[in-house]
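First the structure, in the form of structure tokens, and then the observations on it.
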Amino acid sequence: MTDHDHTPREAATDADAIDADAIDGGRAPATDGGTDTAAGADDVELDPWGSATVDDYRKLFEEFGIEEFEEILPDVPHPHYLMRRGVIFGHREYDAVAEAMANDEPFAALSGFMPTGDPHIGHKLVFDEIIWHQRQGGDAFGLIADLEAHSARGLSWEEIDEHARSYVLSLLALGFDPDEGTIYRQSDNREVQDLAFELGAKANFSELQALYGFDGETNVSHMQSTITQMADILYPQLVDEPKPTVVPVGPDQDPHLRLSRDLAVRMRYFKVTEAFASFELEDDERQLVRAAYDALAASDSGSDTDGDAAVSEADGSPIRCETAADWLETYDPPADLATARASAIETLRAAGKEPIRPRVRFLDRNATDEAFEDLIERINGEKRVFEGHIDAFDLGRTAAEELARTVELDHGGFGFRQPSSIYHRFMSGLTGGKMSSSVPASHISLLDDPDDGRAKVQAATTGGRSTAEKQRELGGKPDECPVYELYAYLLAGDDDDLARTVHDECLGGDRLCGGCKDQAAELMAQFLADHQEKREEAAELLEDLDIDFDSDRRGTGGEH
Ligand code: TRP
Ligand code: SF4
């Protein structure tokens, strides 16, 4: 979660920079609510420590491979309103979590908060997301990223203690169940720090440089805090067992997710792939060889071809690599596989008369000798052992993955699954432009006096027309209105009818901004009063929580 701070943006790397010129092009997403001042105001990048605006969510799909949440929404049991309203717009492999949820299998949700200021309504989105997953049956984790705040932002331990306490109070007040879930501080979690150390052995500086724009000026503790975040993200799988884990965050945190997903793979003892013969294939090539094999295996025993090489296993003679190459020569592949065709053919030709036999392959990545031997032993059916890999002929892919993980766990490995993520849109500032913690009127703190909250809503910019007359005639622009966003992201809560009514009445000219704001301001004041009361109740729970809000750490921290 970002706190929309104004620290100088770190240098963008090529991989992370999103081209500002390409920003307008597409239809603005319905709930984006970007105001005129914000659109295209500056270049956009995914930088966890930069100021966070993402003007073009489409780019995130195209360039970074974040997937559209909409597509998996139907698979999510009882989706949260932030999902239903498109506030949560993107994900990485959330299917794994949705599936676990639907099948009553273990899963976890975890997010972290840098204690740099007061918790605000942007943090509330993430608190709610964690809590919702907890109520859906997931193991829930909320962590205080104090090592990061100290090293990357230079906050003193005293400030951090105070903010940390306040974040935890709001998390509890919003309904996090501390008996079922886990709240921790990075600085107090020895297991996380030990895991970070192990993960750090699989990452190097060039990578951090490419992902985060780190350079020769970046302080070492800041780097350590990124690797600590990797450990945070994998921690739910460490304390218990490997399981799907979702990390709800803003899209600025995506670089962290990409690295953690890579590291999860790099830590594994074995990599499981599918192969057809002795050689290795790229994913694209594999699809082509599979198509060739399936077609040849399905056809009759070769009577309709040139007759010399048998093309079916039905008569006991194998399909040979060169036959598959011939088949591919005449095959018209789908566009995305076109470039892989030539290399697949080349590989098959080089293998010549070698028979094609589908198999799963276990590649040794980090396995100990004992684990490798044990795996060989535990593979049922026909197998062949090579230097550094094992081919198994009677094992499905899923069974193979499971076996690889079991053997790894039995031999002291972590067996991590790749973590999943979901991304929510950033709220726009109440004063237009972005929300910024340095402009109090632009955002609402969860600690704002209810009257101040009311006043901030009353003073907000809107997507309304210049006069009531025009508004009635033309309708307002709810999708460009920070007040509508407040309804959709927070004030309407689970009540879709309310959100839709505000939206449609505004669009149709039946709703004027004065009354609309009065209603929103009132709801906001109520929400704040209620939340603050619950914070007070939560303060009593705090004692039993075993979190130290009075750290005796010394040191002044760093800034970059
Ligand atoms: N880097 C996050 C932020 O800027 C905080 C954080 C630390 C975090 N560890 C995490 C977020 C793990 C998600 C998951 O606020
Ligand atoms: Fe925004 Fe409400 Fe005005 Fe519509 S009527 S523009 S939603 S404040």
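The values are calculated or read from the model by the stated rules, or taken from the named source; none is laboratory data. The model shown is predicted, which means the values in this text are computed figures rather than measured ones. Positions of Cβ are backbone-derived with ideal geometry, glycine not excepted, and every protein chain shown enters the neighbour counts. Remember, those area values only see protein heavy atoms, side chains included, never the ligands or the DNA or RNA. Shrake-Rupley method; radii C 1.70, N 1.55, O 1.52, S 1.80 Å.
Brief remarks follow.
- Residues satisfying the stated conditions in segment 418-444, i.e. away from ligand 1 (no atom under 16 Å from the Cβ), modelled with pLDDT of 95 or more and touching a strand residue (DSSP E or B) at 6+ places or on another chain (Cβ under 8 Å): Ile444
- Residue in segment 389-408 that is out of contact with any strand residue (DSSP E or B) (no Cβ under 9 Å at 6 or more places or on another chain) and on the phi > 0 side of the Ramachandran plot present: no
- Taking segment 164-206 as the range and being acidic (Asp, Glu), touching a residue at least 40 places away in the same chain (Cβ under 8 Å) and open to solvent by 60 Å² or more (accessible area, probe 1.4 Å) as the test, the residues that pass are Glu180, Asp188, Glu191, Glu198.
- Checking each residue in segment 232-268 for being part of a loop (DSSP other than H, G, I, E, B) and surrounded by fewer than 24 Cβ atoms within 10 Å (Cβ to Cβ) picks out Asp240, Glu241, Pro242, Lys243, Gly250, Met267, Arg268.
- Breaking point among (1) within 13 Å of ligand 1 (Cβ to nearest atom); (2) open to solvent by less than 20 Å² (accessible area, probe 1.4 Å), for Phe214: (1)
- Selected residue (criterion: nearest to Asp391 (Cα to Cα)) from residues of segment 319-341 that are open to solvent by 70 Å² or more (accessible area, probe 1.4 Å) and free of Cβ contacts under 8 Å to residues at least 12 places away in the same chain: Asp326
- Count of residues meeting criterion [near ligand 2 (Cβ under 10 Å from one of its atoms), within 11 Å of Leu512 (Cα to Cα) and not β-branched (Val, Ile, Thr)] in segment 441-476: 6
- Qualifying strands (runs of 3 or more DSSP E) (wholly inside segment 360-467; at least 2 residues being of a type outside the set (Ser, Thr, Tyr) and buried (at least 18 other Cβ atoms within 10 Å of the Cβ)): 389-392, 420-424
- Of the residues making up segment 482-508, those that are near ligand 2 (Cβ under 8 Å from one of its atoms) and among the aromatic types (Phe, Trp, Tyr) number 2.
- Exactly one residue out of Asp530, Asp552 is surrounded by fewer than 16 Cβ atoms within 10 Å (Cβ to Cβ), part of a loop (DSSP other than H, G, I, E, B) and without any contact (Cβ under 8 Å) to a residue 12 or more places away in the chain: that is Asp552.
- For Glu480, the conditions (1) at positive phi; (2) surrounded by 14 or more Cβ atoms within 10 Å (Cβ to Cβ); (3) of a type in the set (D, E, K, R) are fulfilled apart from (1).
- Yes/no for Leu490 being open to solvent by 70 Å² or more (accessible area, probe 1.4 Å), aliphatic (A, V, I, L, M) and not assigned by TED's automatic domain parsing to the domain that holds His120: no
- Neighbours by Cβ (under 6 Å, 6+ apart or cross-chain): first from segment 507-522, open to solvent by 50 Å² or more (accessible area, probe 1.4 Å) and among the β-branched types (Val, Ile, Thr); second near ligand 2 (Cβ under 8 Å from one of its atoms) and assigned to a helix (DSSP H, G or I): none
Residue-wise test of (1) in a helix (DSSP H, G or I); (2) within 23 Å of the chain's Cα centre (by Cα); (3) within 19 Å of Asp544 (Cβ to Cβ).
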residue: Leu125; (1), (2), (3): yes, yes, no
residue: His133; (1), (2), (3): yes, yes, no
residue: Leu155; (1), (2), (3): no, no, no
residue: Tyr184; (1), (2), (3): no, yes, yes
residue: Gln193; (1), (2), (3): yes, yes, no
residue: Phe197; (1), (2), (3): yes, yes, no
residue: Thr218; (1), (2), (3): no, no, no
residue: Ser225; (1), (2), (3): yes, yes, no
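- The set of residues in segment 325-359 that are part of a loop (DSSP other than H, G, I, E, B) and of a type in the set (A, V, I, L, M, F, W, C) contains only Ile356.
- Cβ pairs under 6 Å, 6+ apart, first in segment 372-387 and over 14 Å from Arg361 (Cβ atoms), second of a type in the set (Val, Ile, Thr): Asp374/Val407
- Hey, Gly415 of a type in the set (Gly, Ala, Ser) and either over 28 Å from Glu70 (Cβ atoms) or within 16 Å of ligand 1 (Cβ to nearest atom) (or both) or not: yes
- Test: Lys470 is farther than 24 Å from Ile88 by Cβ and in contact with a helix residue (DSSP H, G or I) (Cβ under 7 Å, 6 or more places away or on another chain): no
- Selection status of Asp161, in the same structural domain as Gln224 (by TED's automatic domain parsing), part of a helix (DSSP H, G or I) and out of contact with any Pro (no Cβ under 6 Å at 6 or more places or on another chain): yes
- Among residues of segment 104-135 being surrounded by fewer than 24 Cβ atoms within 10 Å (Cβ to Cβ) and among the polar types (S, T, N, Q), the one that is nearest to Thr245 (Cα to Cα) is Gln134.
- Count of segment 71-97 residues which are touching a Leu at 6+ places or on another chain (Cβ under 9 Å) and open to solvent by less than 20 Å² (accessible area, probe 1.4 Å): 6
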